[in-house]
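Computed from the coordinates by the stated procedures, all read-outs in this text should not be read as laboratory data. Quick caveat: nothing in here was measured; it's all calculated off a predicted structure. Don't worry about glycine lacking a Cβ; one is built from the backbone with ideal geometry, like all the others, and counts go over all protein chains shown.
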Amino acid sequence: MTTESEPSIATRPITNCRVCGTPGSLLYEGCRSRGFSAPGVWSQRKCPKPACGLVWLDPVPTEEDIGKVYETYYTHDQPKPLAGLVNNVCWGVWKSYLRHRFGYKRGTGPAWTSLLWPLALVHPGGRAELDAGAMYLPAPEQPSRLLEVGCGAGVVLKRMQDMGWEVRGQEIDPKAVKAAEARGVRVDLGTLHGQKYPANHFDAVHMAHVIEHVHDPAALLRESYRVLKPGGVLVVLTPNIESWGHARFGKNWFNLDPPRHLVLFSRKTLGKVAEREGFRISRLETTVRTCWVYGSMSRQLQRTDQANLADLGKPSALIYGIIYQLRERLMLRSNPDAGDELLLIARKE
Ligand SMILES: [Zn+2]
């Protein structure tokens with residue numbers, strides 16, 4: 001129920017599946033924003049076609065009012081690094097892994113540290129977590145341009161710059177743009193379409209947890225295709241609605257995140273949309289990357305009806321998260337759809 005003090009958000013209905021056009025069935029209703037505050041009561045629909053199964057918010061905040069649902073969102077803040085020594089050791093090992101795995105020689109420390117890379121494999125998230133340290137991209141052999149769509153405060157983009165990429169970020173949040181620029185990363189404020197980047201310009205386009213936030217995911221992929229060079233690579237990360245996490249927590253699955261997540265994909269639906277926009281799929285899988293966060297936050301929602309990112313550092317939340325991640329990783333062996341996150345790597349033909 002909306003209270004008098006809450007600002008109202010203008011909405012518009014989306015009754016039909018935007019992948020296959022089938023009228024959606026109600027999946028969840030009466031959902032309030034939890035974790036990050038936003039006004040309103042929201043519902044999700046699901047496409048009833050077994051071959052599709054897309055999930056989307058209905059109604060959605062309008063393009064004009066969508067900013068109101070991000071007023072307390074986490075991307076405004078700069079992430080806090082771990083304590084000095086722990087951070088340095090972990091990052092040293094991670095960089096050694098990236099050098100070994102993807103051939104990065106710049107920005108990954110002295111050559112002898114290459115020997116440290118096997119230590120990285122103790123991470124409960126395994127390769128999915130570690131490879132994300134270089135956006136799943138191998139070291140470029142010649143000068144190459146990388147665009148990060150929705151780069152936030154530019155933490156990973158700065159690392160990619162240090163490792164040899166010519167980087168560019170795009171971001172709609174002015175606070176995040178300032179934080180990224182303070183890191184020395186070039187970031188353009190506004191939507192991707194608003195930048196009017198030249199066609200056939202970038203060697204790689206990366207977007208992590210962006211596509212589920214936009215009103216027209218197909219148009220986002222279309223614009224990414226246009227700005228990529230032929231042979232250029234697209235990397236997309238987004239929550240997986242067919243995950244074990246969603247099956248386990250249902251309405252309390254953190255990644256539903258109404259009213260900010262407008263559309264939730266599966267391998268089938270994301271692959272279909274990407275292929276429709278002309279991409280040739282190289283990899284399309286589900287992973288356990290950062291799912292310790294999703295598991296722990298979903299458990300908080302289930303228990304207390306609230307979730308706070310700050311509580312993730314509590315020992316009980318950390319232990320739960322690690323066990324959750326290991327469990328989901330084990331599950332992936334028998335069910336390729338179990339992972340909480342989708343990873344799509346595709347090329348422009
Ligand atoms: Zn559908």
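A few points about this structure:
- The packing ranking, built from the mean of other Cβ atoms within 10 Å per residue, places the peptides 250-262, 275-287, 21-33 in the order 250-262, 275-287, 21-33, highest first.
- For the stretch 109-244, the fraction of alpha-carbon pairs in successive 5 Å shells from zero, as %: 2, 9, 18, 21, 20, 15, 8, 5, 2, 0
- The simple Förster model, with R0 at 45 Å and r as the Cβ-Cβ distance, assigns Glu166 and Glu71 a FRET efficiency of 0.85.
- Ile322/Arg32 FRET efficiency (R0 25 Å; Cβ-Cβ; nearest 0.05): 0.30
- Taken about its Cα centre, the chain carries a charge dipole of about 980 debye when Lys and Arg each add +1 at the Cβ and Asp and Glu each add -1 at the Cβ.
- Ranked by how many other beta carbons lie within 10 Å on average, peptides 324-330, 201-207 from highest: 201-207, 324-330
- Val155/Asp305 FRET efficiency (R0 22 Å; Cβ-Cβ; nearest 0.05): 0.10
- Positive-end extreme of charge dipole, the chain - chosen from Gly30, Gly152, Leu115 (charges on Cβ): Leu115
- Result for the chain in a Gaussian network model with C-alpha springs under 10 Å: among Val210, Val122, Val187, the largest mean-square fluctuation is at Val122.
- The alpha carbon radius of gyration of the stretch 97-143, expressed as a multiple of 2.2 N^0.38 Å, is 1.13.
- Principal axis dimensions, largest first and in whole angstrom, of the chain by Cα: 60, 49, 42
- Fully extending the segment from Ile281 to Ser43, taken as 0.36 nm per residue of separation minus the present Cα-Cα distance, adds 82.5 nm.
- Pairwise label distance in nanometres, Ser25 with Glu181, each label 7 Å out on the Cα-Cβ vector: 5.0 nm
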